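Please see the structure below; I have some questions.
The values are calculated or read from the model by the stated rules, or taken from the named source; none is laboratory data. Bear in mind the structure is a predicted one, so any value in this text is a computation, not a measurement. A quick note on method: Cβ atoms are made from the backbone with ideal geometry, for glycine too, and the neighbour counts reach across all protein chains shown. Keep in mind that these areas ignore ligands, DNA and RNA; they rest on the heavy atoms of the full protein, side chains included. Shrake-Rupley method; radii C 1.70, N 1.55, O 1.52, S 1.80 Å.
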Amino acid sequence: ALAAAGQYDGVVFHRVIDGFMAQTGDVQYGKQGGDMGRAGMGGSDRPDLPAEFSDRAFERGIIGMARAQNPNSANSQFFIMFKPG
């Protein structure tokens with residue numbers, strides 16, 4: 001729904017750890033040209049997603065949902081793995 005609505009258009013990768021992963025998806029504060037001081041602290045106006053976990057290892061190319069300490073806090077942010085985590 002967020003991608004179809006264009007919510008990810010212009011959103012930057014706000015957290016990149018060389019050789020590990022890159023995080024993006026802050027559709028609230030992470031838009032290119034905006035105030036990047038809060039990038040990574042926002043989400044969408046949609047409800048958070050309940051936790052879903054799998055046994056698949058976080059290898060290169062795997063995409064995962066970013067969340068806060070609460071396992072049911074996934075919203076719009078996600079990360080892409082560069083190397084195994």
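In whole angstrom, how far apart do the alpha carbon centroids of the range 8-27 and the range 48-72 sit?
So the two Cα centres are separated by 15 Å.
Can you give the extra length, in nm with one decimal, that the chain gains between Phe13 and Asp35 once fully stretched, where that is 0.36 nm per residue apart less the Cα-Cα distance? Kindly include the intermediate steps, with their values, before the conclusion.
Values: separation 22, 0.36 × 22 = 7.92 nm, distance 1.37 nm.
Result for the pair: 6.5 nm of gain on full extension.
Could you state how much accessible area Ile80 has, in square angstrom rounded to the nearest 10, with a 1.4 Å probe and all protein chains kept in place?
Near enough 50 Å² of accessible area.
Accessible area per residue for the range 31-85 in Å², computed with a 1.4 Å probe and the full protein assembly in place, what is it? Could you put the intermediate results ahead of the total?
Working: 4170 Å² over 55 residues.
On a per-residue basis, the range 31-85 sits at 76 Å².
Still on this structure, I have one more. Note down the net charge around Ser73, summing +1 for each Lys or Arg and -1 for each Asp or Glu among other residues with Cβ under 14 Å from its Cβ.
Working: positive: Arg46, Arg67; negative: Asp26, Asp48, Glu52.
Its environment carries a net charge of -1.
Moving on. How large are Rg and Dmax for the chain when calculated on the C-alpha trace, in angstrom?
12.9, 38
With every protein chain left in place, what is the accessible area of Met41 in Å² (1.4 Å probe, nearest 10)?
Per-residue accessible area (Met41): approximately 130 Å².
Leaving out ligands, DNA and RNA, what percent of the accessible area of the range 46-85 is carbon and sulfur, probe 1.4 Å? Walk me through the numbers on the way to the answer.
Details: 1660 of 3090 Å².
The value for the range 46-85 is 53 percent carbon and sulfur by accessible area.
Can you figure out the FRET efficiency of Arg60 with Leu2, using R₀ = 25 Å and their beta-carbon distance, to the nearest 0.05?
Working: r = 25 Å, r/R0 = 0.99.
Efficiency at R0 = 25 Å is approximately 0.50.
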